[in-house]
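Peer 1: Pasting in a structure now, in structure tokens, and then I'll have a few things to ask.
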Amino acid sequence: MEYVSGQIWTPHGFQEGHIGFKDGVIEEVGRGRAKGNIAEGIILPTLINAHTHIIDYVVPVDMGMSLAEVVAPPHGLKYRKLAQTSPLKQRKTASYLSEYMLRKGISSFSDFREGSVEGVGILSSAKGARPFIMGKTREPRFDRDEVHELLNVADGIGPSSLSDWDYEELRELSKMVHSRGKTFAMHCSERVREDLDKVLDLKPDYLIHMCRATDEDLEVCAQEGVPIVVCPRSNMFFGLPTPLSRMIEAGVVISLGTDNAMISLPDMFVEMEFAGRLLRSQGIKRLDCVISMSVCNGRKIINESPLIEFDPGMPCDFMVIQGHDGDPVTDVVLRTAGLDPLMVCVGRERR
Ligand SMILES: [Zn+2]
């Protein structure tokens, strides 16, 4: 058996202890430090990157362009560039960034993937962090056969936004996705406020961004139990607000994602640090919530149980990061970005 020791994250705070594991399974969890540890520091469950477009990494960023000019379908820079990029290059990009994410302690990421069935295939072949793939139809139109095929290979479908679609076709799409037991999610109120009643009538499993949401919109999301994924670095790049503290006050379940990879590398510790600093600037002092967003709430987005507690018999799904003998929350949120974890262990995979 091998051991790691240090400050172990629990849903009730950090506790000094150790984890013993063998063949990809946790065998022992106890108080106090073990002898002969292979790593010592802060022990965290792996992180979930709740929203990415990782193949966008191939798109060169033009700083002079607006959000719409870069990412609006069908003629935005990203769509033109993706159409010119060979499947082989896209596959290599997917592999490179999936491996990058696993090394950074991310076990799974939810990716909005263009290119219908073929696009999903490019992503699903990658090794490293596990993709939860939100496919997208070739055009913003409901084609029953295409959607059927797409749902055979994807974990869900993520149309870009309400404004790109005919509403009745979007309704057909969401009905079919739900009837197959898959995930339906959308970008919402990113650049401009969108009609939340219309969006919620589509029964989304979660929404992304909500930069322009009113307090009432956020309260409705909280009451209806619709989580929101926020991507503060991406928002800031495009000059958009991230109403994080208002979301917390409204009681919204918040997850974090890194969004388009040409703008923000998919490193969750960097996103967490950014979110932490943003929250401090918005008057929230404690940053425990930032860890919950990435550890617990992210798991809801990929249909996993958010209740993570290390117990014997569980598959390994943890990492050890450098501690600094202070408040572990501060060490995780503000002092880890830029460093690799000391070790990451997901099942038998080790980095
Ligand atoms: Zn997005």
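Peer 1: Using the eigenvalues of the Cα gyration tensor, what equivalent ellipsoid semi-axes result for region 48-301 when each is taken as the square root of five times the eigenvalue, whole Å, largest first? Don't skip to the answer; put the middle values down first.
Peer 2: Working: eigenvalues 128, 96, 61 Å².
Values for region 48-301, descending: 25, 22, 17 Å.
Peer 1: Related question: Using alpha carbon centroids, what distance separates region 90-140 and region 224-268, in Å?
Peer 2: If we compute the Cα centre of each part, the gap is 20 Å.
Peer 1: Compute the relative contact order of region 132-267 as a whole-number percentage, counting only Cα pairs closer than 8 Å that sit 6 or more residues apart in sequence.
Peer 2: 17 percent
Peer 1: May I ask for the angle, rounded to the nearest 10°, between helix 144-153 and the longest principal axis of the chain, with both axes built from Cα atoms and the value confined to 0 to 90°?
Peer 2: Approximately 10 degrees, to the nearest 10.
Peer 1: For the chain, find the longest principal axis of its Cα atoms and tell me its angle to the long axis of helix 268-281, 0 to 90°, nearest 10.
Peer 2: That works out to roughly 80 degrees.
Peer 1: Where is the GNM fluctuation largest for the chain (alpha-carbon springs, 10 angstrom cutoff): Met293, Met247, Met314?
Peer 2: It is Met314.
Peer 1: Which ³J(HN,Hα) values in Hz, rounded to whole numbers, follow from the phi angles of region 242-254 under the Karplus curve 6.51 cos²θ - 1.76 cosθ + 1.60, where θ = phi - 60° and Gly and Pro get x?
Peer 2: So the J values, rounded to whole Hz, are 10, x, 4, 5, 5, 5, 4, 4, 6, x, 6, 7, 10.
Peer 1: If you roll a 1.4 Å probe over the heavy atoms of the protein chains, what accessible area per residue do you get for the chain, in Å²?
Peer 2: Accessible area per residue, the chain: 42 Å².
Peer 1: Something else: With springs only between Cα atoms under 10 Å, which of Leu44, Leu200, Leu88 fluctuates most in a Gaussian network model of the chain?
Peer 2: Maximum among the listed residues: Leu88.
Peer 1: Here is a further query. Which of Ser281, Ser174, Ser107 moves the most in a Gaussian network model of the chain with Cα springs under 10 Å?
Peer 2: In the Gaussian network model the winner is Ser281.
Peer 1: To make sure I understand the rule: partners must be lysines, Cα under 20 Å from the Cα of Lys35, and not fewer than 8 residues away in the same chain. Which ones qualify?
Peer 2: Result set, ordered by chain and number: Lys22.
Peer 1: Per residue of region 108-120, what does 6.51 cos²θ - 1.76 cosθ + 1.60 with θ = phi - 60° give for ³J(HN,Hα)? Whole Hz please, x for Gly and Pro, Karplus curve as stated.
Peer 2: 8, 9, 9, 10, 7, 10, 6, x, 6, 4, 5, x, 5
Peer 1: Same structure, new question: Quick check: residue separation of Lys127 and Ser86 times 0.36 nm, minus the Cα distance between them. What number comes out in nm?
Peer 2: 12.9 nm
Peer 1: Once the Cβ-Cβ distance between Lys175 and Val117 is put in as r, and R0 is 22 Å, what FRET efficiency do you end up with, to the nearest 0.05?
Peer 2: Efficiency, rounded to the nearest 0.05: 0.65.
Peer 1: Something else now. Nearest 10 degrees, 0 to 90: what angle lies between the long axis of helix 87-103 and the longest principal axis of the chain (Cα atoms)?
Peer 2: So the inclination is approximately 30 degrees.
Peer 1: Could you check the spin-label model distance between Glu168 and Asp145? Points 7 Å from the Cα along Cα→Cβ, value in nm.
Peer 2: Modelled inter-label distance: 2.2 nm.
Peer 1: Taking the Cα-to-Cβ direction at Asn303 and at Met1 and moving 7 Å from each Cα, how far apart do the two end points lie in nm?
Peer 2: 3.5 nm
Peer 1: Identify all lysines with a Cα-Cα distance to Lys300 below 16 Å; exclude those on the same chain that are fewer than 8 residues away in sequence.
Peer 2: Partners found: Lys182, Lys203.
Peer 1: With n ≥ 4 as the cut-off for DSSP H runs, can you work out [θ] at 222 nm for the chain, using -39500 (n - 2.57) per run divided by the number of residues, rounded to the nearest 500? Spell out each step's value before the answer.
Peer 2: On the way: 14 runs with 121 residues, N = 351.
-9500 deg cm²/dmol, from helical runs alone.
Peer 1: Sticking with this one: Tell me the net charge near Phe142. Cut-off is 11 Å between Cβ atoms, Phe142 excluded, with +1 for each Lys or Arg and -1 for each Asp or Glu. Can you show the working numbers first?
Peer 2: Working: positive: Arg141, Arg144, Arg171, Lys175; negative: Glu139, Asp143, Asp145, Glu146, Asp166, Glu168, Glu169, Glu172.
Result for the local shell: -4.
Peer 1: Moving on. Counting Lys and Arg as +1 and Asp and Glu as -1, what is the net charge of the other residues whose Cβ lies under 10 Å from the Cβ of Asp215? Working shown, then result.
Peer 2: Values: positive: Arg246; negative: Glu216, Asp217, Glu219, Glu249.
Here the charged neighbours net out to -3.
Peer 1: Using Cβ-Cβ distances only, list the Cys residues of the chain with no partner cysteine under 4.7 Å, sorted by number.
Peer 2: Cys188, Cys211, Cys221, Cys231, Cys289, Cys296
Peer 1: Moving to a separate point now. Taking Lys78 as the anchor, which lysines have their alpha carbon closer than 17 Å to its alpha carbon, excluding any fewer than eight residues away along the same chain?
Peer 2: In chain and number order, the partners are Lys89, Lys136.
The values are calculated or read from the model by the stated rules, or taken from the named source; none is laboratory data. Remember, predicted model here, so these are calculated numbers, not experimental data. Note that we place each Cβ from the backbone using ideal geometry, even for glycine, and neighbour counts take in every protein chain shown. The accessibility values were calculated without ligands, DNA or RNA, using every heavy atom of the protein model including side chains. Shrake-Rupley method; radii C 1.70, N 1.55, O 1.52, S 1.80 Å.
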